[in-house]
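Here is the structure we will look at, set down as structure tokens.
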Amino acid sequence: MRSLSNSQRDILLAELGGLRKFCFSLTGSAADADDLLQTTVERVLEKGMPEDAHTARWAYRICKNAWIDELRSRDVRQRYPQVADEQWNLSPSAEHVASGERRMAAVTAALEQLPEEQRLALTLVAVDGKTYAEAAEILDVPVGTIMSRVARARRNLVERYDPARDKS
């Protein structure tokens with residue numbers, strides 16, 4: 001591994017918006033998404049990447065792995081609360097609690113009900129605008145798997161979210 005070239009840094013900077021959306025889709029919280037984004041960028045900058053690596057895909061993969069690490073650490077803290085420091089108690093951010101629009105809350109709730117693999121695939125393709133091939137590489141699964149996950153996610157969202165209910 002080596003430090004980032006100027007072009008890799010530029011690509012990483014250009015990808016920050018999409019990466020933040022991906023972080024939010026993983027965490028469900030703006031504050032946690034910001035923390036995950038910071039962790040991702042720090043790891044990429046500290047550890048570098050191979051010269052031939054696709055910068056954006058590399059960053060998404062680092063992000064996904066950082067989130068897996070965080071989930072494991074949260075699991076340990078929940079299993080052994082006497083060891084966990086009080087400041088790490090899981091609580092929703094004020095911003096998340098205060099977000100008020102019913103439609104956004106309904107869509108978010110519907111997305112959160114999706115299985116994680118469907119939610120991640122849908123977010124990468126529908127929100128971040130990644131191709132199926134790019135999403136497959138980021139999530140390290142075949143393209144056909146991404147296509148079926150996105151199709152199932154869309155079907156599940158239609159079942160869980162009805163915009164007509166929000167107009168009442």
**Q.** Contour excess over end-to-end distance, with Cα ends at I11 and N65 and 0.36 nm allotted per residue
**A.** 17.4 nm
Q: Within 10 Å, count the other beta carbons around each residue, average over each peptide in 23-34, 141-152, and list them highest first.
A: 23-34, 141-152
Q: Using label points projected 7 Å from each Cα along Cα→Cβ, tell me how many nm separate E42 and R72, to one decimal.
A: 1.8 nm
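Read-outs: derived from the displayed coordinates by stated rules, not from any lab. Predicted, not measured: the structure shown is a model, and the values here were computed from it. Virtual Cβ from ideal backbone geometry, glycine too; neighbours counted across all protein chains shown.
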